[in-house]
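Worksheet: the structure to be examined is printed underneath.
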Amino acid sequence: MRELSTKHRLARMLAEDKEEMNLETEEAAIRDFQRVADEYFETESKARMSIKKEGGVISVTLTFRAVRVKNFTRLK
């Protein structure tokens with residue numbers, strides 16, 4: 001019984017470790033999101049990201065200020 005409990009704790013620890021985003025990964029994600037935001041908007045602030053786990057769902061919120069939307073023109 002103790003072996004099953006130890007395996008369960010180890011599996012839980014590994015799962016929790018995967019859920020956390022280290023600083024290097026977070027900075028890379030923000031850079032990527034900023035690049036995409038700059039393609040669609042004229043931004044006036046750097047993007048900020050928050051990550052929250054609610055139940056079994058991870059919610060990611062990206063926040064930045066923009067002064068205008070960049071509209072694309074379709075070529076005919």
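Quick one: what are the phi-derived ³J(HN,Hα) couplings along the range 36-47, Karplus 6.51/-1.76/1.60 with θ = phi - 60°, whole Hz, x for glycine and proline?
After applying 6.51 cos²θ - 1.76 cosθ + 1.60, I find 5, 4, 5, 6, 9, 9, 8, 8, 10, 8, 6, 6 Hz.
Leaving ligands, DNA and RNA out of it, work out the accessible area of Asp32 with a 1.4 Å probe and give it in Å² to the nearest 10.
80
Between beta-carbons, use under 14 Å as the cut-off and find the net charge around Arg31, counting Lys and Arg +1, Asp and Glu -1.
On the way: positive: Arg35, Lys46, Arg48; negative: Glu24, Glu26, Glu27, Asp32, Asp38, Glu39.
Residues close to Arg31 contribute a combined charge of -3.
Calculate the FRET efficiency for Ser5 and Ala28 from the Cβ-Cβ distance with a Förster distance of 35 Å, rounded to the nearest 0.05.
Working: r = 37 Å, r/R0 = 1.05.
After rounding to 0.05, the efficiency reads 0.40.
Top to bottom by accessible area (1.4 Å), largest first, where do Phe64, Phe33 land?
Details: Phe64 55, Phe33 90 Å².
The residues order as Phe33, Phe64, largest area first.
Would you list Glu42, Glu20, Glu54, Glu26 from the most to the least accessible area, probe 1.4 Å? Display every interim value, and only then the final one.
Values: Glu42 75, Glu20 145, Glu54 110, Glu26 55 Å².
Ranking Glu42, Glu20, Glu54, Glu26 by accessible area, largest first, yields Glu20, Glu54, Glu42, Glu26.
The values are calculated or read from the model by the stated rules, or taken from the named source; none is laboratory data. Treat the numbers as computed from the prediction; the structure is a model and nothing was measured. Don't worry about glycine lacking a Cβ; one is built from the backbone with ideal geometry, like all the others, and counts go over all protein chains shown. Heads up: the accessible areas ignore ligands, DNA and RNA and are worked out on the full protein's heavy atoms, side chains in. Shrake-Rupley method; radii C 1.70, N 1.55, O 1.52, S 1.80 Å.
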